[in-house]
Amino acid sequence: HFDDSHTIQDNPFITDISNIPLFFTKGAITFSSLPANQVYRPIVTTSIAIDYWISSKLSSDGNGFHMRYYHYSMMITYILLLVLLFFFFLKLFEKARPNSWNIYFAFFATAFYGLHTVNAETINYIISRSDLLSTFFVIAAFDIFLYFPNKRKWGLFLIPLALGVLTKLTAAMFIPMLIVYYFIYEFLPLNKTERKKQIKGLVLYASALVLLMLVVVVFVMKMQSDTFVPGTHTRWQYLITMPYVLLHYFISFIYPYNLSADTDWTVIDSILNYQFIVGILFLVSILFIAFISLKNKKYAPISFGIFWFFIALAPTSSFIPLAEVMNDHRMFYPFVGLTLMWVYIVSIWIVNIKEQIIKSKSLKLKIIIASLIILGLHSYGTFQRTEIWNDGESLWYDVTIKSPKNGRGLMNYGLKLMNKGDYDSAMKYYKKALKYSPKYSYLHTNMGICYDSMGKYAKADSSFKKAIEYAYYSYKPHYFYGANLLKHKKYQEAIKEFELSLKYNPQYNYSMYKLMECYTIEEDWENLDRIIGICKSYYPNNTYAKYYVPIAKERITKLDIAREASIKNPSVDSYIELSLKYYFYNKYDSSIWAANQALEINSKSVAAYNNICAANNVLGNYSSAIIAGKMATKLDPNNQLAWNNLNLSYKRQKLQNRINETNDFNKLIDLSLTLYKEEMYNDCIKACEKAIEIQPNNAIPYNNICSAYNALKQYEKAVKAGEMAVKLDSNSELAKNNLALAKSKLQDYSSNNQFIPINRK
């Protein structure tokens, strides 16, 4: 979910456990494949790499992305954190008000925190282990400081702190927390002379800690990527919004309502806004309670818990504007303080009636039942949130309900529907998202993918170009546009987009993989060598680079590899692979032959029938395509790809029939344009040939035939048609350009980048 995509799924660094030293030395580029999100968190990346390694070793398929292993490690860490929290709460309760029942209060506080519904937003979100691990290290540092006072001079508590800061910078808030703790708990009321000495010592100690914190923060910031972008809100708007956000967090501790994986909260514009006023009143009230509690040491956990809450939230909820105004997983760290405060308040009341509880079994039973009900309710809430987080569809549907004005949430739910093949419903949500995020690049990219899947190629192309326009210097829109062009075998145009993607993100491995594929298809061995070298410079042990090295060296095409495999091992899989490669190389008759060879071995091969359908679609043999498509969908009714090809057969057959039904010249030219856009190049040529029969001296159909043959890479025929077009209309620049392209392609197959579009009239 969310940032898991670019920090785990698209991050090649985590796939090799030997990269762990690089996480610490190379900086933030190893954390994420998305430059704008590259922060320095080497401990987090290390833990992810270890989980990937464990998954790849323990999984039967060797897949390093089985999520259960990532969740196992998080749950183990969470349990260890709860153990540390028990001792943390116990010591703070004991130091404030020694009591034999403190062990029960500490246990309840630990259970309450462990089962709190809000914490499900952190524990279910894999990359949010940054909050889990940093909190773990902060509590570990506090436990060492609290339980080993005689060892403080050795600074042992700074070891987990250092690990915490290397996990997430918010762990640096340990320093101000420790200073506040010392002032509340250990600043003793002494005579005037001794107090001056104590204050002097405290100031020196605090200054040293603050200096240490600044050094660490500066180091981490230096290791951040220059491309990191925290957020786009103004500092003032973000700051005046935070009081109300803090109130929301505080209320969520008591009543975790309206939890959403991606909220639609926005910044406020004025201090006259009621949200700011309500938020300020909350801050004044809660801080008043904190300062009043300072007067008596027995209330120390109350004041310390409140200050912990604010200090923990300071990096994300103050003057540093982040992309999201609020996030539910940000409550994980500060809720330690609120748990300390609220449980201690309840413990004061219970201790005050301790004698009554001892004497009354019914009162004791009521307290136990009330405690179990509270824990049970949170357990139920946690279970419900975990069910929602269980898969992307339920998670993003929940977001559309809880945060209906969140364009990203609407888009992501549409994306899940699109992945299921429900393109109409997906597009409905994409269009809803456009109302709130009209310039969201990822939204336009997904709309492009959806339109393409629906066969609306012109709209798809327009959407991909809008995605690039709204995030021109971002690598992702270029990558996805390139992938779409590659799908339609527009290799040179695809190469251009993949090269741009790699320019804007030089370490993005998937752009490298696609370029290796394209350059192999185009037999551009020099550029293939170049991309392999770039890939190996970032990822020395990359399996893709290793795979393509002998291909580049021996000048082996993918078709050669597939042919060799089918000869050595004639199986269904090898013939299907050969069929696909023939298709890729525009050898459609051979693709059908290879698929039929697969059917000789297994007459129920869905992939074989699907390939036959797809190849016949390109050849224009739609009746044969429909027969094969029907067989594929009959054998596997849930195969969306087979249904797509069959539906395309029906659609193209209808368009093909229009050629015979139309005898008007202009309508035939219009039809040829439609056929060209649908990539029905042979039928485009047929429509133009019929138009020539009506007007043999018109240059337009010859020009369109030239363009169609260019698309088919049949350049000799393209040249003949182009020469005829120029002969009939020597002033047609479009015809001259198409002819020039055909001639240049005929001389050098890979010397040009794009086809010239045909004209309409």
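Worth a mention:
- Packing, as the average of other Cβ atoms within 10 Å across residues, places the peptides 379-385, 145-151 in the order 379-385, 145-151, highest first.
- Distance between the modelled labels on LYS630 and GLN384, one decimal in nanometres: 5.1 nm (7 Å Cα→Cβ projection).
- Dipole magnitude of the range 664-747 about its Cα centre (Cβ charges: Lys, Arg +1; Asp, Glu -1), debye to nearest 20: 300 debye
- Spatial extent of the range 413-559: Rg and Dmax, with the Cα atoms as the point set, Å: 16.7, 53
- Proxy reagent accessibility, fewest Cβ within 10 Å first, across MET341, MET326: MET326, MET341
- Per-peptide packing, taken as the mean over residues of other Cβ atoms within 10 Å, places 236-242, 477-483, 58-64, 592-598 in the sequence 477-483, 592-598, 236-242, 58-64 from highest down.
- Altogether, the Stokes-Einstein calculation at 10 °C and 1.306 mPa s, with the Kirkwood radius of the range 664-747 over Cα pairs as Rh, returns a diffusion coefficient of 131 µm²/s.
- Comparing ALA699, ILE576, ALA718 along the charge dipole axis of the chain, the residue lying farthest to the positive side is ILE576, per the Cβ-charge model.
- With R₀ set to 35 Å, the beta-carbon distance separating ALA458 from ASP10 gives a calculated FRET efficiency near 0.75.
- Reach of LYS503 by Cα under 17 Å, taken over lysines that are not fewer than 8 positions away in the same chain: LYS476, LYS514, LYS536
- Taking the charge dipole of the chain about its Cα centre, with +1 at Lys and Arg Cβ atoms and -1 at Asp and Glu Cβ atoms, the residue from SER360, GLY629, THR316 reaching farthest to the positive side is SER360.
- Sorted ascending by nearby beta carbons within 10 Å, beginning with the fewest, LYS91, LYS476 become LYS91, LYS476.
- Net charge over other residues, Cβ less than 13 angstrom from the Cβ of LYS568 (K, R count +1; D, E count -1): -3
- Membrane-span-like helices of the chain, defined as complete DSSP H segments with a Cα extent of 30 Å or more along the helix axis and a mean Kyte hydropathy of at least 0.5, are identified as 67-96, 192-223, 361-389.
- Dipole axis of the chain (+1 Lys, Arg; -1 Asp, Glu on Cβ), positive-most option in ILE592, VAL399, LEU247: LEU247
- Those lysines that a straight Cα-Cα span of less than 26 Å connects to LYS720, excepting residues fewer than 8 apart in one chain: LYS489, LYS490, LYS587, LYS667, LYS677, LYS686, LYS690, LYS736, LYS743, LYS745, LYS761
- The charge dipole of the chain, taken about its Cα centre with unit charges on the Cβ atoms of Lys, Arg (+1), Asp and Glu (-1) only, comes to about 2320 debye.
- Convex hull volume per residue, computed on the Cα atoms of the range 333-434, equals 125 Å³.
- Remark: the range 413-559 carries a charge dipole of roughly 660 debye about the Cα centre, counting +1 on each Lys and Arg Cβ and -1 on each Asp and Glu Cβ.
- Part-to-part distance (alpha-carbon centres) for the range 650-727 and the range 31-97, which is given in Å: 61 Å
Read-outs: derived from the displayed coordinates by stated rules, not from any lab. Just so it is clear, the structure is predicted and the values come from calculations on it, not from any experiment. Cβ coordinates were reconstructed from backbone atoms using ideal geometry, including for glycine residues, and neighbour counts include every protein chain displayed.
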